[in-house]
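Student: Have a look at this one before I ask anything.
The values are calculated or read from the model by the stated rules, or taken from the named source; none is laboratory data. Just so it is clear, the model here is predicted, and its values are computed rather than measured. Cβ sites come from the backbone with ideal geometry, for glycine too, and all protein chains shown count toward neighbours.
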Amino acid sequence: MKKHTGRFYIYLSIGAALVTMAAKFIGYWLTGSVGLFSDAAESVVNLVAALVALWALTLAARPADEEHAYGHTKSEYFSSGVEGALVLVAALVIIVEAIPRLFHPQPLEQVGLGLAFSVAGALINGVLAWFMLRAGKRQRSIALQADARHLFTDVWTTLGVLIGVILVTLTGWLVLDPIIALLVALNVIWTGIQLLRETGLGLLDTALPAEDLQQIHSILDSYRPQGVTFHALRTRRAGSRRFVSFHVLVPGSLSVQQGHGLCEEIELALHQALPETTIFTHLEPREDPVSFADQQLDRESSEETDPALPTPQTEQERRSHEKSTR
Ligand SMILES: [Zn+2]
Ligand SMILES: [Zn+2]
């Protein structure tokens with residue numbers, strides 16, 4: 001099967017959003033069901049969300065430049081953040097529309113025809129969401145996955161609303177319609193919170209998932225028999241790109257050529273296991289205690305240094321400086 005870019009799916013979802021939005025609003029106007037309205041309101045969010053996702057993915061695909069030397073992949077978090085916020089707004093609109101109907105229920109009209117339009121919209125969404133989620137996981141695209149999961153909640157929403165409207169016509173219990181709409185709103189709120197949570201975790205530079213870390217550890221461990229050790233392993237994810245950094249501790253007698261060759265070899269092995277990963281290594285002699293003093297984000301020695309003292313320049317100066325302050 002041909003591999004499509006993330007943007008291809010976003011264009012598809014913009015088209016689908018327009019069609020389903022129209023179908024669901026027609027369904028609402030025909031029946032007057034606030035449940036169907038909640039469903040239609042949600043589909044407006046789809047359109048805006050797809051447009052934001054298109055912008056974010058276009059930006060994310062741009063290569064690194066001087067001003068953004070780590071690339072633009074984090075732009076995907078704009079998309080999931082905006083989408084999460086929009087989903088919450090949609091929930092609010094539904095709640096505002098549904099609550100008065102709890103006290104003044106209204107009869108539904110032309111239920112059969114109205115539902116047909118809604119079902120058509122849900123089918124389009126369901127098929128598209130399935131393809132997008134698969135592509136999003138394959139490409140590790142936050143924006144695509146966010147959009148797909150959002151579409152899936154729409155399908156469930158429509159299903160719930162349909163069952164509600166059918167029950168209303170069967171039982172004549174009109175208040176069921178706004179109750180279903182409020183349940184839809186709760187589900188929508190839950191989706192929005194999850195999207196915002198994922199955005200927050202991304203912005204906080206959360207470490208790579210356990211399965212990635214396990215691969216990294218098993219590759220690094222394979223070098224330990226050669227007397228090579230590692231520390232200060234740090235990982236993070238920026239949209240679809242992974243960043244990994246660590247220190248490589250080798251015998252101090254190794255030449256620069258040999259040490260660099262080893263680092264290149266390790267980085268290549270990691271690259272093959274985890275594509276789209278940027279790796280930084282820092283080579284250091286394992287016999288030198290200074291090699292072990294640099295594992296935190298900040299260097300202890302530089303924090304303890306009296307600002308009045310001149311900053312030590314070379315390794316030797318720093319060591320003699322440390323001895324004198326001890
Ligand atoms: Zn190099
Ligand atoms: Zn170190």
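Student: Check whether at least one residue in the range 155-175 is surrounded by 19 or more Cβ atoms within 10 Å (Cβ to Cβ), free of Cβ contacts under 8 Å to residues at least 60 places away in the same chain, farther than 20 Å from HIS282 by Cβ and away from ligand 1 (no atom under 16 Å from the Cβ), and report yes or no.
Tutor: Yes: the range 155-175 contains one or more residues that are surrounded by 19 or more Cβ atoms within 10 Å (Cβ to Cβ), free of Cβ contacts under 8 Å to residues at least 60 places away in the same chain, farther than 20 Å from HIS282 by Cβ and away from ligand 1 (no atom under 16 Å from the Cβ).
Student: In this structure, is GLY15 under 30 Å from VAL184 (Cα atoms) and free of Cβ contacts under 8 Å to residues at least 24 places away in the same chain? Steps first, please.
Tutor: Numbers: under 30 Å from VAL184 (Cα atoms): yes; free of Cβ contacts under 8 Å to residues at least 24 places away in the same chain: yes.
Against the criterion (under 30 Å from VAL184 (Cα atoms) and free of Cβ contacts under 8 Å to residues at least 24 places away in the same chain), GLY15 qualifies.
Student: Also, quick follow-up: What single numbered condition from (1) of a type in the set (Val, Ile, Thr); (2) at pLDDT below 95; (3) within 12 Å of ligand 2 (Cβ to nearest atom) fails to hold for THR314?
Tutor: Among (1) of a type in the set (Val, Ile, Thr); (2) at pLDDT below 95; (3) within 12 Å of ligand 2 (Cβ to nearest atom), THR314 violates only (3).
Table: residues versus (1) within 21 Å of ARG138 (Cα to Cα); (2) within 16 Å of ligand 2 (Cβ to nearest atom); (3) of a type outside the set (Lys, Arg).
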{"residue": "GLN194", "(1), (2), (3)": "yes, no, yes"}
{"residue": "LEU208", "(1), (2), (3)": "yes, no, yes"}
{"residue": "GLN214", "(1), (2), (3)": "yes, no, yes"}
{"residue": "SER218", "(1), (2), (3)": "no, no, yes"}
{"residue": "PHE243", "(1), (2), (3)": "yes, no, yes"}
{"residue": "HIS247", "(1), (2), (3)": "no, yes, yes"}
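Student: Does any residue in the range 251-269 that is in the same structural domain as THR229 (by TED's automatic domain parsing) and under 19 Å from SER291 (Cβ atoms) come within less than 7 Å, Cβ to Cβ, of a residue that is within 11 Å of ligand 1 (Cβ to nearest atom) and assigned to a helix (DSSP H, G or I) six or more places away or on a different chain, and which pairs are these?
Tutor: none
Student: Those residues that are touching a Leu at 6+ places or on another chain (Cβ under 7 Å) and β-branched (Val, Ile, Thr), I need them from the range 168-204; list them, please.
Tutor: Correct list: VAL168, THR169, VAL175, ILE189.
Student: Check THR206, THR191, THR235 and return the single one that is closer than 30 Å to VAL82 by Cα and either within 16 Å of ligand 1 (Cβ to nearest atom) or part of a helix (DSSP H, G or I) (or both). It would help to see each step written out before you state the result.
Tutor: Details: THR206 fails: either within 16 Å of ligand 1 (Cβ to nearest atom) or part of a helix (DSSP H, G or I) (or both); THR235 fails: either within 16 Å of ligand 1 (Cβ to nearest atom) or part of a helix (DSSP H, G or I) (or both).
THR191 is the lone residue from the list that is closer than 30 Å to VAL82 by Cα and either within 16 Å of ligand 1 (Cβ to nearest atom) or part of a helix (DSSP H, G or I) (or both).
Student: For the structure I just gave you, tell me whether ARG242 is closer than 24 Å to LYS74 by Cα, outside the structural domain of ARG62 (by TED's automatic domain parsing) and in contact with an Asp or Glu (Cβ under 6 Å, 6 or more places away or on another chain).
Tutor: Values: closer than 24 Å to LYS74 by Cα: yes; outside the structural domain of ARG62 (by TED's automatic domain parsing): yes; in contact with an Asp or Glu (Cβ under 6 Å, 6 or more places away or on another chain): no.
Criteria not met by ARG242.
Student: Just to be sure before I move on: is PHE246 crowded, with 18+ Cβ neighbours inside 10 Å, of a type outside the set (Asp, Glu) and within 26 Å of LEU204 (Cα to Cα) in the structure I sent? Steps first, please.
Tutor: Numbers: crowded, with 18+ Cβ neighbours inside 10 Å: yes; of a type outside the set (Asp, Glu): yes; within 26 Å of LEU204 (Cα to Cα): yes.
Yes: the conditions hold for PHE246.
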